[in-house]
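The next block holds one structure in the form of structure tokens; read it before the comments.
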Amino acid sequence: MSEAKEFGAIIRKHRLRRASDDAAFSLRQVARRVGIEPSYLSKIERGQQQPPGENTIRRLAADLGEDADALLALAGKVSTDLIDIIRARPAAVAELLRSVRRAPTKQVAEIARQVRDGNW
Amino acid sequence: MITLKNDKLSSRFPQISDSLRRLVEQHVETTLPKILAGDREAALSHLRSKYGYKHAERSQQVEAERQILHATRESIETALRRLSFERAGLSRAGSLAALDVVFHRTLRIPDDGKLYPLPAGLGRFLLRLIDDFKATVDPTWLERGGVLMPMYQSEALWIQFTGSYPFAVKVGAGKINAVTGEGWGEGLQKSPQNYLVVPQQPWVDGFAVRKGVIRQFVAMPLGAGYSVEEQITGAADVGGLQLQVYPMKAEAYFRSRVADRLPKSLEDLVDELVTVDLGHSMLFAALPRRLSATSLRAASAMGLGAGGTMRQEIYSDPNSLQDWDQSVSSRCFVHLCNSLVWRQITGANPPHPPFTAKEYAASGVPWFDYYRDDLAVLPGSAILDGVKSVFNLGEAKGEKPLTDNSPLEPIVTIQYGNSRRPDEVREWAQH
């Protein structure tokens, strides 16, 4: 399936799931809240349009209660803050990402993270 | 440096482990020539006195003696180094100078004048890095860094410390020291001792009010007047829970805990050098472990107030203050966030509400006791003893901050420590 069709299908799936018990998730209402034309959203969902830009995808994710990074990835985009991180240390980050590629999700979530101590 | 994984805070001090490694290596270098220059008679005598040797086949005995008599310089050096590092606690995978801290959900004991034993753990409190919620969290909280922990109003907690290396740990609630009742201040002090010593203190459940008595840590919305901080300082500025961890200096640890246990003669290396199986016994030391079985206003910041009274001793530090390394320490601010606003801040569902006293009693989950008669006990803080408990303050204000304060009859107790109190009946076998 092309990127556009895959992205659209996921958006539609999430929206319909919410719409099944909440009328606020009709195509029209979601489009209005996200700030795009309903016809445009309809085309996106049917894969007739390329996925929208980062900001729109973020607003869609927030409205549907889904993870923005996941939707961006599906749309073939990488969030700009992640791009900055990769640019700053390309070799180290690439190695890190390759090492977690085959790790199960639970294991990835369990990676130890440093706690920042601030002013108090 | 402190890391967070699986709702556990881990503090590591690799520089301490490295210093210790150097001290042990020095021991090996000075001891090896002495061993090589000496005779082997004492070692042989020791071998022949062993139970395993006496009951072994003659051919095995001959082989064992040969292994001592003809041990090469290389095999002696290997044995000396291996055993020395093992005795110093350095041969395990991972860092030696490491402390883990976990916050446990638990039963809020009634505040009815009775002295209760220690309730069990009912699951770990969730911990999240505050930096993961920059967009939704109060900027004052972000400024402090640290972690976020959800608690319901009037929910209780206890803190577990795990580590085999000595640490001095300061614990604060709203930057009021939970052991002395004084302000957070800088560094460690004795008279009064303002810290706990791990591992002799495996758990702490509350504020040290009297000798052998604590008042349980109970979460209350900050600003309602119930927290210990508000009663002592008159202000509701800080809230939360504070931790600062100081390791023992490597030299002090080496001198007091390691030096005497290191092998010094060939005799000490007999078990390492003899590979013939003469039968050894292994002793396992059981670590004490408490069971973990599975709203005034919805203000988001919580502070800790004083709950019911519990039998718990805060042990006096038997070391000198100079033994602690105050040049390195790890700190963490634990923001206590009202569970009712957890979803707003983190986007995730809050944990289920705490168990009631009825549910706890009906479940048959035991209570615990930890008692050491080899350690001196701190007398508690008069300042903290003077603070009104949540229940008493509620009565004075005409409010009802606690939904249920009916008494409990804890009868099943698991004993840990090295002694039994004469008046305690030991119901369960020690784990």
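Every number in this text was worked out from the coordinates using simple rules, so none of it is lab data. Only a predicted model underlies this, so the values are computations on that prediction, with no experimental measurement involved. Ideal geometry is used to build each Cβ from the backbone, glycine not excepted, and the neighbour counts take in all protein chains shown.
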Integer Hz, Karplus 6.51/-1.76/1.60 couplings in order for segment B:252-264, x for Gly and Pro = 5, 4, 4, 5, 8, 10, 10, 3, 5, 8, 7, x, 10
Could you pull out every one of the lysines with an alpha carbon less than 27 Å from that of B:Lys34, ignoring same-chain neighbours closer than 8 positions?
-> B:Lys50, B:Lys264
Rg/Rg_ref, segment B:196-280, where Rg_ref = 2.2 N^0.38 Å and atoms are Cα | 2.02
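Can you tell me the alpha carbon radius of gyration of segment B:16-133 divided by the globular rule-of-thumb value 2.2 N^0.38 Å?
Working: Rg = 25.6 Å, N = 118, 2.2 N^0.38 = 13.5 Å.
Here the answer is 1.90, to two decimals.
What are the GluC sites (Glu not before Pro) within segment B:129-231 that DSSP puts in a loop, where the Cβ has at most 10 other Cβ atoms within 10 Å?
Working: sites: B:Glu143, B:Glu155, B:Glu182, B:Glu186, B:Glu229, B:Glu230; in loops: B:Glu155, B:Glu182, B:Glu186.
Here the sparse-neighbourhood loop sites are B:Glu186.
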Compute the distance in nm between two label points, each set 7 Å from the Cα along the Cα-to-Cβ direction, one at B:Asn349 and one at B:Arg210.
-> 4.4 nm
Within the protein assembly as shown: Cβ-based charge dipole about Cα centre, in debye rounded to nearest 20 (Lys, Arg +1; Asp, Glu -1) = 1380 debye
If you build the Cα gyration tensor of chain A and take the root of 5 times each eigenvalue, what three semi-axes come out, in whole angstrom, biggest first?
-> 31, 18, 15
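Could you work out the helix-only [θ] at 222 nm for chain B, with each DSSP H run of four or more residues adding -39,500 (n - 2.57) and the total divided by the number of residues, to the nearest 500 deg cm²/dmol? Each step should come with its number before you reach the end.
Numbers: 13 runs with 108 residues, N = 431.
Using -39500 (n - 2.57) per qualifying helix, the result is -7000 deg cm²/dmol.
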Under a no-solvent Debye model with one identical scatterer per Cα of segment B:1-58, what's log10 I(q)/I(0) at q = 0.19, 0.28 Å⁻¹?
-> -0.82, -1.02
Name the residue farthest towards the positive end of the dipole of the protein assembly as shown from the options B:Gly223, B:Ile414, B:Tyr246, assuming +1 on Cβ of Lys and Arg, -1 on Cβ of Asp and Glu, about the Cα centre.
-> B:Gly223
Could you please state, rounded to a whole Å, how far the C-alpha centre of segment B:296-374 is from the C-alpha centre of segment B:23-94?
-> 47 Å
Can you list the aspartates and glutamates whose alpha carbon is less than 12 Å from that of B:Lys358, not counting same-chain residues fewer than 8 positions off?
-> B:Asp404, B:Glu409
Histogram of C-alpha separations across segment B:106-239, 10 Å bin width, % = 10, 36, 41, 12, 1
Rounded, prolate or oblate: which fits the protein assembly as shown when a ≥ b ≥ c are the square roots of the eigenvalues of the alpha-carbon gyration tensor, with rounded for a/c under 1.5 and prolate only if a/b beats b/c?
-> oblate
Residue order, fewest to most surrounding Cβ atoms within 10 angstrom, among B:Ser389, A:Ser26 | A:Ser26, B:Ser389
Computed over chain A: longest principal axis from alpha-carbon atoms vs helix A:54-64 long axis, angle to nearest 10 degrees, is 70 degrees
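Could you compute how fast chain B diffuses translationally, taking Rh as the Kirkwood radius over C-alpha pairs and applying Stokes-Einstein at 4 °C with viscosity 1.567 mPa s? Give it in µm² per second.
Details: Rh = 24.1 Å.
The calculation lands on 54 µm²/s.
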